[in-house]
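As C-alpha cells, the structure follows; a few thoughts come after it.
The values are calculated or read from the model by the stated rules, or taken from the named source; none is laboratory data. What you see is a predicted model, and the numbers here were worked out from it, not measured in a lab. Please note: Cβ atoms are built from the backbone with ideal geometry, for glycine as well, and neighbour counts cover all protein chains shown. Accessible surface is based on the protein model in full, side chains and every heavy atom, while ligands, DNA and RNA are left aside. Shrake-Rupley method; radii C 1.70, N 1.55, O 1.52, S 1.80 Å.
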Amino acid sequence: MAAKLRLYNTLTRSKDVFRPIDPENVRLYVCGPTVYDYAHIGNARPIIVFDLLFRLLRHVYGREAVTYVRNITDVDDKINARAARDYPGMPHNEAIRVVTGKTEEQFHADIRALGVLMPEDVNEEGQPPRFVEPRATEHIDEMRMIIERLIARGAAYVAEEHVLFSVSAMQNLSGVPKYGAFSKRSLDELLSGARVDVAPYKRDAMDFVLWKPSGPHDPAWPSPAGIATPGRPGWHIECSAMSWKHLIQAFETRLTCADPMECEIFDIHGGGIDLVFPHHENEIAQSCCAFETPRMANVWMHNGFLQVEGEKMSKSLGNFFTINELVQDWPGEVLRFNMLRTHYRQPIDWTTKGLEESEKILDRWYELAVRGEAASLSDQIVDALSDDLNTPKMLAELHALDGQGAHDELGANLRALGFLLEGAEAWRARKQSALSVDPAQVEALIAARKEARASKNWPESDRIRDELAALNVVVKDNKDGTTTWEVAR
C-alpha cells in the first residue's frame, strides 16, 4: 500500500500530510505563462513539476476526482509593447490578439514536447472538465466582481481612475490573514524588498493596483466602481478571479465539506518560488478579503530557481535558452528527465553534462522498456512521489527496476510519468535526424562493415569504423550479434 501523500507547504513552512477538502473533488491551481514571447527553460520547471503532481493526484484519488487549472495571462503591458513593436501598422487590439494567439500556440507545442498532459488528453466529452486552461481576458467580469466586493468591504479604494488594494485596511479586517503572513515578513521588510510604484494617488506605498485606466493603444474594458474611463486589470487580480471561477464557483453544487467555510477554499496552489512575494501574497490578500475567508488555498507549493552552468540565466551572459531552442537539439523527454533529477524545491543547475547523462539513461530505457502499452505506477514509485514529490528517489526506484530486469514494469511506470512517448525506432531516428546524420548512410556503412567482418577483412572493417567515427557515429557490437549505433554529441 502506498504511503500517505505529504507535501511541503509554504504556508506552514513544513511538510504535512495532504488532506483534501473533498477527496472526490481535489482542486489544483498553478500560475501559467504570460504569452508575449517564447517560454524559457526556467518557465518549464513548474509546468513539468505540477504535471507530475497532477498525475500523482489522479493516481491516488482517481482520474475523475482531480481538477487542474493552469491559467494563460493574455493581458499585460509586456504583451502591449510586443504588439506595438512587431505589428506597428495593425490596429493595436488586433495586434495584441495576434501576439497572444501565436505565442500561446507555440507554448503549447513546446510543452507538449516535454511530455506534459494537455486538456485534450484529460477531458472527456459530456463530463465536467478536469483540466482547465483559462485566459485572463475571458474573466474580466469576475475580476470586476471581486474588485467591487473589495471596495464594499473597505479593502480597496478608487483614486484617479485607478482601483488600489489597501494593505492597511486589510490589517484591520477580522477573519482574514494579515498582509505579509504568507511570505513571513513584516510590512517594513516587504516595503524595503519590493519594487513598489510610488504614485501620488496611493494612500500607502504598499498598496497595489487592481485596475488601471487604459490609454488609446491599450486593451480596454468598462471599468468597475463607476469609473468612466475604460481600463484593464492589474496582474494579481487575474489569478484570484480565475481560481475562484474554476475551483470555487464551478464546484458550489458538487463539494462535500465538513465545514461550509472550507468550500470557499481550494486545495493546492502552485508556482515558482519567485511568485511568493508579491504575486501570491497579493492573491491571498484579494481573495481572502473579497470572500471573507481565512485562507485562499490550504497548500502552497513552490519550485526552486533554475540557473545555467552555475550562473543565473541571462540574455546578457548568453546563457538564456527557450524551450523551443532546446527541443531543436534535445528530445523533449530528455529535458523532462533532466528537470526531474533535482528535487523540485531545490535550485537546479542546468548543464550540458546533465542533459547528456539524462539522454544516455533514456536511450537505454527506450531499448529495454518500450514493450507493451500499459501505463501504471508501482507502489514504490508512488511511495517516493508521496514524499513531497521526491523525484531523485523516484528515479532511484526506476533504476532498481532496470537492475532487477523488470523492464515491462519499468516501461509501465515511465509511460505513466510522461516518458516513452514513441517507439524505440522513432526515438533513434528523430535523435539522429536532429543531429544532421543520414540514418540510411549509417545503416549502409554498418551493413558493409558487418560484411567485411564476416569475411575477416579487418582492414576494411576498421576503415568503415573510422568513417563512421568521422560522422560522429558511435557503433556498439552487442553479444547477440546485432549492432546498434548512436550519434555522439
The cysteines in the chain that find no other cysteine Cβ closer than 4.7 Å to their own Cβ are Cys31, Cys239, Cys288, Cys289
Under a crude label model (7 Å from the Cα following the beta-carbon direction), how far is Glu125 from Glu357 in nanometres?
4.7
For the chain, give me the percentage of DSSP beta bridges that are antiparallel, rounded to the nearest 5 percent.
50
In terms of the Cα gyration tensor, with a ≥ b ≥ c the square roots of its eigenvalues, is the range 343-427 rounded because a/c is under 1.5, prolate because a/b exceeds b/c, or oblate?
oblate
Work out how much length Val17 to His399 would gain on full extension: take 0.36 nm times their residue separation and subtract the Cα-Cα distance, in nm to one decimal.
134.8 nm
Determine, for each peptide in 391-399, 180-188, the mean count of other beta carbons within 10 angstrom over its residues, then list the peptides with the highest first.
391-399, 180-188
Label-point separation in nm, Lys456 to Ala429, each point 7 Å along Cα→Cβ
3.8
Can you classify the range 350-391 as rounded, prolate or oblate using the Cα gyration tensor, where a ≥ b ≥ c are the square roots of its eigenvalues, rounded means a/c under 1.5, and otherwise it's prolate if a/b beats b/c and oblate if not?
oblate
Compute the accessible area per residue over the range 233-340, keeping the other protein chains in place, probe 1.4 Å, unit Å².
35
For the chain, what does the helix formula give at 222 nm: sum of -39500 (n - 2.57) over DSSP H segments with n ≥ 4, over the residue count, nearest 500 deg cm²/dmol?
-13000 deg cm²/dmol
Just the number, please: carbon plus sulfur as a percent of the accessible area of the chain, 1.4 Å probe, no ligands or DNA/RNA counted.
50
Spin-label pair Tyr87/Ala447, simplified geometry with 7 Å Cα→Cβ offset, distance in nm:
5.1
Please work out the Cα center distance from the range 301-332 to the range 174-252, rounded to the nearest Å.
30
Listed by chain and number, the residues whose amide H is under 5 Å from that of Asn9, excluding neighbours fewer than 5 places away on the same chain and using placed H, are Ser14, Lys15, Asp16
Distant-in-sequence amide H partners of Ala156 (H built 1.01 Å from N, under 5 Å):
Ile151, Ser166
Where in the range 40-80 is the amide nitrogen less than 17 Å from a point lying 7 Å along the Cα-to-Cβ axis of Glu24?
61-67
Based on the Kirkwood radius over alpha-carbon pairs, what value in µm²/s does the Stokes-Einstein equation return for the translational diffusion coefficient of the range 299-390 at 25 °C and 0.890 mPa s?
161
For the range 1-61, the Kirkwood Rh over every pair of distinct alpha carbons, in Å, works out to 13.7
Which one of His217, Gly272, Val475 has its Cα pushed farthest toward the positive end of the charge dipole of the chain, where Lys and Arg give +1 and Asp and Glu give -1 at the Cβ?
Gly272
What shape does the range 213-320 have by the C-alpha gyration tensor, where a ≥ b ≥ c are the square roots of the eigenvalues, rounded means a/c under 1.5, and otherwise prolate means a/b greater than b/c and oblate the rest?
oblate
Roughly what % antiparallel, to the nearest 5, for the DSSP beta bridges in the range 255-359?
20
FRET efficiency for Glu94 and Ala228, using Cβ-Cβ distance with R0 set to 30 Å, rounded to 0.05:
0.75
Distant-in-sequence amide H partners of Ala406 (H built 1.01 Å from N, under 5 Å)
none
Among the listed pairs Lys15/Lys315; Lys315/Lys360; Lys353/Lys476; Lys184/Lys245; Lys102/Lys315, which have their C-alpha atoms separated by more than 24 angstrom in this model?
Lys15/Lys315; Lys315/Lys360; Lys184/Lys245
Could you sort the peptides 290-296, 116-122 by per-residue average Cβ neighbour count (10 Å cutoff), highest mean leading?
290-296, 116-122
Once the convex hull of the C-alpha atoms of the range 252-312 is built, how many Å³ does it hold per residue, rounded to a whole number?
94
Averaging over every viewing direction, what projected area does the convex hull of the Cα atoms of the range 146-191 cover, in nm²?
3.8
On a full-extension model of 0.36 nm per residue, what is the gain between Ala152 and Glu138, subtracting their alpha-carbon distance, rounded to one decimal in nm?
2.6 nm
With +1 at each Lys and Arg Cβ and -1 at each Asp and Glu Cβ, the charge dipole magnitude of the range 326-400 around its Cα centre, to the nearest 20 debye, comes out at 100
Glu94 accessible area, 1.4 Å probe, all protein chains in place, Å² to nearest 10:
80
Using packing as a proxy for protection, rank 445-458, 407-420 so that the peptide with the highest average count of other Cβ atoms within 10 Å comes first.
407-420, 445-458
Taking N as the number of residues in the chain, what is its alpha-carbon radius of gyration divided by 2.2 N^0.38 Å?
1.12
Estimated dipole of the chain in Debye, rounded to 20 [Cβ of Lys and Arg +1, of Asp and Glu -1, Cα centre]
720
Work out the length of the dipole vector of the range 352-438 about its Cα centre, built from +1 on the beta-carbon of each Lys and Arg and -1 on the beta-carbon of each Asp and Glu, and round it to the nearest 20 debye.
280
With a Förster distance of 41 angstrom and the Cβ-Cβ distance between Arg112 and Ser174, calculated FRET efficiency to the nearest 0.05 equals 0.30
